[in-house]
Amino acid sequence: MSAIRLLVLGAVRQHGRAHGYQVRNDLEFWGAHEWSNAKPGSIYHALKQMAKQGLLVAHEIAPSTAGGPPRTEYEITAKGTEEYLSLVRSYLTDYDQRPDMLSAALGFMVDLPRAEVLELLEERVRAVEAWRKSVTEYYTPEEGPAQLGHIGEIMNLWVNTADTGAEWTRGLIERVRAGAYTFAGEGDPFVGVLAEGEENPYATAERHPGDDR
């Protein structure tokens, strides 16, 4: 499992309708190419696959201004929106060693109601604590990693990661509970996508003919 599915659905949803180059541009603007597998090939593949699955609908419009075949714009469907929100909820609560999934969920958590996000984050803390407890059935942090030889460093890393993750999540809970950010139903939503034609200061490469398909 990776974050690309959620990232692409979220980018399309924020635009309303978007072509592949816009989605790629947004993900680079968010820095997702640095912390996830959101590379050009995987983005275009995800768009096409999710259109086949009924999560997106593909609209063919006028040919690309750079030449080549007609440009395709994607729009999220009701099924796609349901999948999108389900992924946000799942990635906020599941304790996973991959940071890209949580990072993607944090980027879209404001599309959920504040009360629900607080519940999901509390659930995440419980999941982290349960996972830590399962590790300490075989490893006693107080005795240090040497009790298991150098392999103990692995469990020492896991325990410290769990402790740090739980502490960070509790801090986020406090900030959200105190009123930070604008969540669903509270006002104008945050929009973090680039407008059509807006320059992306974080673009990784020049645009080539056909990139907007």
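The values are calculated or read from the model by the stated rules, or taken from the named source; none is laboratory data. Nothing here was measured: the structure is a model prediction, and the numbers come from that model. FYI the Cβ positions are ideal-geometry reconstructions off the backbone, even for glycines, and counts take in every protein chain you see.
The figures follow:
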{"item": "Conditions (1) over 20 Å from the mean Cα position of the chain (by Cα); (2) within 28 Å of residue 23 (Cβ to Cβ): number failed by residue 120", "result": "(1)"}
{"item": "Residues satisfying the stated conditions in the stretch 53-86, i.e. over 16 Å from residue 18 (Cβ atoms) and at pLDDT 95 or above", "result": "53, 54, 78, 79, 82, 83, 85, 86"}
{"item": "Answer residue from the stretch 3-48, given it is within 19 Å of residue 91 (Cβ to Cβ) and without any contact (Cβ under 8 Å) to a residue 24 or more places away in the chain and is surrounded by the fewest Cβ atoms within 10 Å (Cβ to Cβ) among those", "result": "34"}
{"item": "Enumeration of residues in the stretch 18-33 that are touching a Phe, Trp or Tyr at 6+ places or on another chain (Cβ under 9 Å) and of a type in the set (Asp, Glu)", "result": "28"}
{"item": "Residues of the stretch 168-186 satisfying the condition of being more than 12 Å from residue 124 (Cβ to Cβ) and among the charged types (D, E, K, R)", "result": "174, 175, 177, 186"}
{"item": "Among (1) among the hydroxyl-bearing types (Ser, Thr, Tyr); (2) surrounded by fewer than 21 Cβ atoms within 10 Å (Cβ to Cβ); (3) part of a strand (DSSP E or B), the one test that residue 86 misses", "result": "(3)"}
